[in-house]
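To keep things clear, I will list the structure first and then write my remarks on it.
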Amino acid sequence: MKLLAISGSARAGSTNTAMLRAVSAIALPEHAVTVFSGVADLPVFSPDLEAMPLPVAVQNFADMIRDCDAMIVSSPEYVRAIPGGLKNAIDWLVSRDELIDKPIAMLHASHRGDDMLAQLRLVLATVSQRFSEDLFLRFDLVKMSPDKILQHFEAPERRSAVKDFLTQLALRCGG
């Protein structure tokens with residue numbers, strides 16, 4: 001099972017990206033998790049740019065989504081909303097077919113962010129027929145360094161929670 005984990009953060013030292021990398025590191029071999037942390041590399045969405053060929057970064061992003069079996073989205077909250085980079089990435093996919101039937105679940109790296117999570121749930125439910133709102137896992141990783149986050153996920157109960165989450169996502173893919 002190929003899982004694409006999308007970080008909604010454009011920050012190099014992102015807590016969300018570090019969490020997704022830790023999840024990738026502890027995933028079982030049957031749950032291959034690839035982390036996409038390139039929302040900042042995508043050009044600003046414009047319908048004028050949707051004509052083929054797409055901008056290279058957008059085409060690569062769309063190809064990654066097409067080639068995965070399911071997606072995980074993790075994002076910080078900026079000003080009580082979805083960060084612009086993540087919303088821009090989703091906007092690039094709205095009129096394409098890569099996302100429509102893709103199973104999607106969310107991970108969250110903070111005890112805060114409920115306003116953004118509500119918005120993201122609405123957006124993901126709009127663009128995918130298989131967004132699983134109930135498949136959600138949250139960790140309080142605020143102010144942890146990437147190394148500390150990796151250590152945090154060494155705890156057996158956290159590893160087990162992540163493995164259960166990935167197994168549930170795989171089941172929603174039919175496998």
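By other beta-carbon atoms within 10 Å, ranking Val44, Val23 with the fewest at the front produces Val44, Val23. Amide H contacts under 5 Å for Ile6: Phe36, Ile72, Val73, Ser74, restricted to partners 5 or more places along the chain or on a different chain, H placed in the peptide plane at 1.01 Å from N. Which residue, Met52, Met144, Met19, tops the fluctuation ranking in a GNM of the chain built on C-alpha contacts under 10 Å? Result: Met52 has the largest fluctuation of those listed. The ranking of Cys173, Cys68 by Cβ neighbour count inside 10 Å, starting from the fewest, reads Cys173, Cys68.
Could you tell me whether segment 60-129 comes out rounded, prolate or oblate from its Cα gyration tensor? Rule is a ≥ b ≥ c as square roots of the eigenvalues, rounded for a/c under 1.5, then prolate if a/b exceeds b/c, otherwise oblate. Since a/c reaches 1.5 and a/b is larger than b/c, the shape of segment 60-129 is classed as prolate.
Only beta bridges with both residues in the chain are counted; by DSSP, about 5 percent of them are antiparallel. For Lys148, the lysines whose Cα falls under 27 Å of its own Cα, not counting residues fewer than eight places away in the same chain, are Lys2, Lys163. Please state the shape class of segment 1-51: rounded when a/c is under 1.5, otherwise prolate if a/b exceeds b/c and oblate if not, all from the C-alpha gyration tensor. Taking the square roots of the gyration eigenvalues as a ≥ b ≥ c, segment 1-51 is oblate. Listed by Cβ neighbour count within 10 Å, with the fewest neighbours leading, Leu171, Leu42 appear as Leu171, Leu42. Note on segment 2-172: Cα convex hull, mean projected area over all directions, 9.2 nm².
All other residues whose Cβ lies under 12 angstrom from that of Pro43 are scored, Lys and Arg at +1 and Asp and Glu at -1, for a net of -4. Think of each Lys and Arg Cβ as +1 and each Asp and Glu Cβ as -1; about the Cα centre, that makes the dipole of the chain roughly 420 debye. For segment 19-84, GluC sites (Glu not before Pro) are listed when DSSP marks them as loop and at most 10 other Cβ atoms sit within 10 Å of their Cβ; the list is Glu30.
The alpha-carbon of Lys143 sits under 16 angstrom from the alpha-carbons of these aspartates and glutamates, leaving out residues fewer than 8 places away in its chain: Glu77. When the chain is treated as a Gaussian network with alpha carbon springs shorter than 10 Å, the biggest mean-square fluctuation among Ser24, Ser37, Ser95 belongs to Ser95.
Quick note: the coordinates plus some simple rules give every number you see, no bench work behind them. Source: prediction; values computed, not measured. All Cβ positions, glycine included, derive from the backbone under ideal geometry; neighbour counts span all protein chains shown.
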